[in-house]
Every structure is written in C-alpha cells, then in structure tokens.
Amino acid sequence: MAERNTPWTADDVANRFEDAAATARRLPSANVQGYFNAWPTIVRCQWEMLATDERVVCRFPPSPKDVEDMLEVMLWVQWLEVEQRHLVWMRAKRYGWREIAIRFACCTKTAQRHWQQALQLMVDRLNESLLTRQDTRR
C-alpha cells in the first residue's frame with residue numbers, strides 16, 4: 001500500500017477498481033489440485049487449428065505491486081453491502097449501464113446513482129483514514 005497524501009476522489013476509486021479488475025483477469029487460472037487429464041494431447045494440423053473455436057490467450061502475469069493494489073481494493077469492498085459490491089465490480093469490468101440496470105431491475109440513472117453513492121462511501125472512508133493517519137504523525 002502506497003502512502004497517499006492527497007484526498008481521494010470518486011474518479012480515483014473508480015480507476016483503482018478498474019485496475020483491480022484488469023489485474024484479476026491477468027492472474028493465472030486456479031486449477032483444482034489432485035485432478036489430471038488422462039487423455040493424450042491431440043496434435044492438430046495447421047488447417048485444423050484454424051477451424052477451432054479455441055483461442056490461445058497469452059496474458060502476462062501482473063506485477064507484485066499490481067497484485068498488492070488489487071488486494072487493497074479487495075479490503076475496500078468489505079465496506080459495501082453485497083449488492084453495492086456487485087454493482088461496483090460490474091462497472092469495473094466495464095459492463096454497460098443498460099446491462100447493469102437489467103441485473104439490478106432498475107433504470108440506468110438509478111444504477112448510476114447507486115454506483116456513485118457506493119464510490120462516495122468508499123471515498124469518505126478513505127479520506128477519513130487519511131486524516132487520522134496525518135493526525136497521528138503530528
């Protein structure tokens with residue numbers, strides 16, 4: 001966690017959530033221990049590989065700083081209610097407002113207001129902890 005001396009804004013928090021979602025996508029997949037595949041590897045010709053729907057996705061693993069920032073954001077999520085968590089993460093994953101509104105059974109403006117309220121709640125808590133940290137230094 002990096003030391004921060006400036007007050008948090010809703011845009012800062014939203015950007016941190018987007019970065020955390022991007023970092024989570026770049027993490028390696030979690031495989032269940034103890035299971036394995038007994039089937040032999042099928043070697044396909046070039047023309048057979050072109051016809052498959054499988055895409056090989058090459059993602060570079062996130063840096064330790066990115067993972068640490070993501071874990072810090074995960075701690076912030078605990079300040080929210082469950083529905084607010086879903087809303088904030090859906091927006092961080094860049095879902096459209098229409099899809100979010102359908103998920104929460106409300107209109108898009110209401111979903112935007114709820115998202116802004118959730119971000120403002122986190123901004124208030126972060127700025128409060130920033131002020132207490134600065135007061136203890138004096």
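The values are calculated or read from the model by the stated rules, or taken from the named source; none is laboratory data. In this text the structure is predicted, and so the values were computed from the model without any measurement. Note: ideal-geometry Cβ built from the backbone for every residue, glycine included; neighbour counts use all protein chains shown. These accessible areas exclude ligands, DNA and RNA; they are computed on the full protein's heavy atoms, side chains included. Shrake-Rupley method; radii C 1.70, N 1.55, O 1.52, S 1.80 Å.
Side notes on the structure shown:
- All conditions in (1) in contact (Cβ under 8 Å) with a residue 24 or more places away in the chain; (2) surrounded by fewer than 15 Cβ atoms within 10 Å (Cβ to Cβ); (3) part of a helix (DSSP H, G or I) hold for Trp79, with the sole exception of (3).
- Restricting attention to segment 90-103, the residues that are open to solvent by 50 Å² or more (accessible area, probe 1.4 Å) and in a helix (DSSP H, G or I) total 5.
- Members of segment 102-131 that are in contact (Cβ under 8 Å) with a residue 60 or more places away in the chain, hydrophobic (A, V, I, L, M, F, W, C) and closer than 18 Å to Asn15 by Cα: Leu119, Met122, Val123, Leu126
- Just one of (1) in contact with a helix residue (DSSP H, G or I) (Cβ under 7 Å, 6 or more places away or on another chain); (2) of a type in the set (Asp, Glu); (3) open to solvent by 100 Å² or more (accessible area, probe 1.4 Å) fails for Asp66. It is (3).
- Matching residues, segment 31-76, being within 30 Å of Asp124 (Cβ to Cβ), assigned to a helix (DSSP H, G or I) and without any contact (Cβ under 8 Å) to a residue 12 or more places away in the chain: Pro64, Lys65, Leu71, Leu75
- Restricting attention to segment 1-54 and to residues that are surrounded by 10 or more Cβ atoms within 10 Å (Cβ to Cβ), more than 30 Å from Thr132 (Cα to Cα) and more than 21 Å from the chain's Cα centre (by Cα), the residue that is modelled with the lowest pLDDT turns out to be Met49.
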